[in-house]
Amino acid sequence: MSPNFTLYAALALYAAGTVMALVTLFTREKRPQHVALGIMIAGFVAHTVWISTICIRTHHPPLTNLPEAAGFMAWVLFAIELALFIRYRVHAAAFFVYPLVLMLLTVSAVVHEPFVRSAAAVSRLFIAHILLTTIGVAGLLIGLAFGALAWAQDRALKSKQRGALWDWIPSLSVCKTLSYRALAIGFSVYTLGILAGILWSYKTSAELMDVRVKQVAAAAAWVLFAIVLQAYVNDTYRTRRTAVIGACAFVAIVVAILGIHHV
């Protein structure tokens with residue numbers, strides 16, 4: 001079976017699931033949400049088969065170029081979202097996570113780069129760098145999603161007006177707890193990934209870091225996420241300033257992701 005078949009199958013299922021989930025913003029019925037989740041899980045299965053096919057054919061993790069890394073990040077994002085849904089039954093996160101998963105896998109489908117078929121040609125330190133940063137970024141994005149839900153819930157409570165997300169958002173304390181934990185874990189793993197990248201850069205070029213757009217964006221994202229995490233510690237995470245910094249952190253991480261190139 002061609003790996004492109006399972007990739008496009010996953011992409012089509014993710015698109016259908018995302019549209020179905022967004023429809024519930026207007027209907028506010030749970031059945032379409034459950035249907036959307038079922039479609040997304042079917043896409044996740046196809047997605048898993050695609051990733052497994054790459055691993056079997058190349059004999060290394062799918063983390064050597066932009067399509068592989070974006071696809072793997074999308075896989076991790078949905079896996080975390082599914083685990084949190086099973087544990088907390090949070091429907092509202094789907095409105096943020098499903099589109100993110102769809103966009104990342106679209107990058108994998110649109111950007112064409114050859115797979116590295118020789119495991120010896122891939123540095124283990126580089127793989128560790130991409131693996132840790134990918135998992136870390138997935139955790140940080142989940143944290144931002146739940147942070148946005150907490151911000152929306154707080155504004156709804158203060159204004160005493162129900163928005164489109166009201167029926168799907170859990171309590172403010174649940175949103176805050178999940179957001180903080182995801183950010184804390186994601187930031188820790190992302191930091192380890194950056195350190196692995198610095199070691200890899202020093203090993204290959206005798207420099208701690210190349211001054212390129214990707215590296216600058218990754219460093220900027222690290223600083224911005226550190227500020228957001230500190231806002232949770234200081235209990236100022238619901239301010240407009242934190243929301244703006246979080247949005248800037250998201251943009252910086254997107255730039256860093258798009259800067260990933262074939263080894």
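Quick notes
- Full extension of the chain segment joining Arg212 with Val23 gains 64.0 nm, where the gain is 0.36 nm per residue of separation less the Cα-Cα distance.
- Placing pseudo-labels 7 Å out from each Cα toward the beta carbon at Leu199 and Ile227 gives an inter-label distance of 3.0 nm.
- Residues in region 71-86 carry Karplus couplings, in order, of x, 5, 5, 4, 5, 5, 4, 5, 4, 5, 4, 5, 5, 5, 5, 4 Hz; the curve used is 6.51 cos²θ - 1.76 cosθ + 1.60 with θ = phi - 60°, and Gly or Pro positions show x.
- Residue-by-residue Karplus 3J(HN,Hα) for region 102-111, coefficients 6.51, -1.76, 1.60, Hz, glycine and proline x: 4, 5, 5, 6, 4, 4, 4, 7, 7, 7
- Comparing Leu224, Val137, Ile253 along the charge dipole axis of the chain, the residue lying farthest to the positive side is Leu224, per the Cβ-charge model.
- For the chain: lysine pairs under 24 Å (alpha-carbon distance), excluding those fewer than 8 apart on one chain: 5
- Between Ser188 and Val244, the FRET efficiency from the beta-carbon distance, with R0 = 25 Å, is close to 0.55.
- Computing Rg and Dmax of the Cα atoms in Å directly from the structure and comparing it against (i) 18.7, 60; (ii) 18.8, 56; (iii) 16.6, 48 singles out (i).
- Sequence-ordered 3J(HN,Hα) estimates for region 231-243 from the Karplus curve with 6.51, -1.76 and 1.60 and θ = phi - 60° stand at 5, 5, 5, 8, 6, 10, 6, 8, 7, 5, 4, 5, 5 Hz, glycine and proline given as x.
- Every helix of 4 or more DSSP H residues in the chain counts as -39500 (n - 2.57), and over all residues that averages to -27500 deg cm²/dmol at 222 nm.
All of the numbers you see were taken from the coordinates with simple rules; none came from a lab. These numbers come from a predicted model, not from an experiment. With ideal geometry, Cβ positions are generated from the backbone for all residues, glycine too; neighbour counts draw on all protein chains shown.
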